[in-house]
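The structure under discussion appears below in the form of structure tokens.
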Amino acid sequence: MTHFAHLDGVGSLLCISPEVVNTIVDNLSLPDVQLLRSSCRDLCDKLSDTLDRHLRRSFAPYFSDAVAFAAALRVSHAILGGSTALHILRPGSWHPVDMDLLVSARYSDRLRDFLVNHRFREIMGKL
């Protein structure tokens, strides 16, 4: 038995104050959030929106409507990569300065239209 065996009630205790839970969870990596979710059924339900919060916080510097951007990623089957993806998975005191998006030619027009409609400009360069 480890010294963590007596922490059975921690998950239930955290369920009392959503503000405390959000403060803790917002500074955890997503794998750590999964471990915390597994500690208590109540926490499992309460932490289900953690990824969405991480995504909204990461997209906020770029988009006033982060939910619309997440929807644009879904419909265009785009993949978020680079430092922004790393920051979502492993948050810390550093912040990414750009966003890498990968999208197939089939859906690129959809994503380009969304970006242009949200005041981004297209830069054409040699690949």
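The values are calculated or read from the model by the stated rules, or taken from the named source; none is laboratory data. Keep in mind that what you see is a predicted model, and the values were worked out from it rather than measured. Ideal geometry is used to build each Cβ from the backbone, glycine not excepted, and the neighbour counts take in all protein chains shown.
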Q.
Please pick out the residue among VAL97, VAL75 that is over 15 Å from the mean Cα position of the chain (by Cα), at pLDDT 85 or above and of a type in the set (Val, Ile, Thr).
A. VAL75
**Q.** Test result for HIS87, within 30 Å of GLU19 (Cβ to Cβ) and part of a loop (DSSP other than H, G, I, E, B)
**A.** no
(Q) Show me the helices (runs of 4 or more DSSP H) found entirely inside segment 15-76 where at least 1 residues are of a type in the set (Ser, Thr, Tyr), in the same structural domain as LEU102 (by TED's automatic domain parsing) and surrounded by 16 or more Cβ atoms within 10 Å (Cβ to Cβ). (A) 50-59
Q: Give ASP32, ASP26, ASP49, ASP42 a once-over and let me know the one that is on the phi < 0 side of the Ramachandran plot, among the charged types (D, E, K, R) and modelled with pLDDT under 75.
A: ASP42
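Among the listed residues ALA70, ALA60, which satisfies the condition of being within 20 Å of the chain's Cα centre (by Cα), without any contact (Cβ under 8 Å) to a residue 12 or more places away in the chain and under 30 Å from GLN34 (Cβ atoms)?
The conditions single out ALA60.
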Q: Considering every residue within segment 95-111, establish whether at least one is in contact with a helix residue (DSSP H, G or I) (Cβ under 8 Å, 6 or more places away or on another chain), under 19 Å from ASP26 (Cβ atoms) and either hydrophobic (A, V, I, L, M, F, W, C) or assigned by TED's automatic domain parsing to the domain that holds PRO18 (or both).
A: no
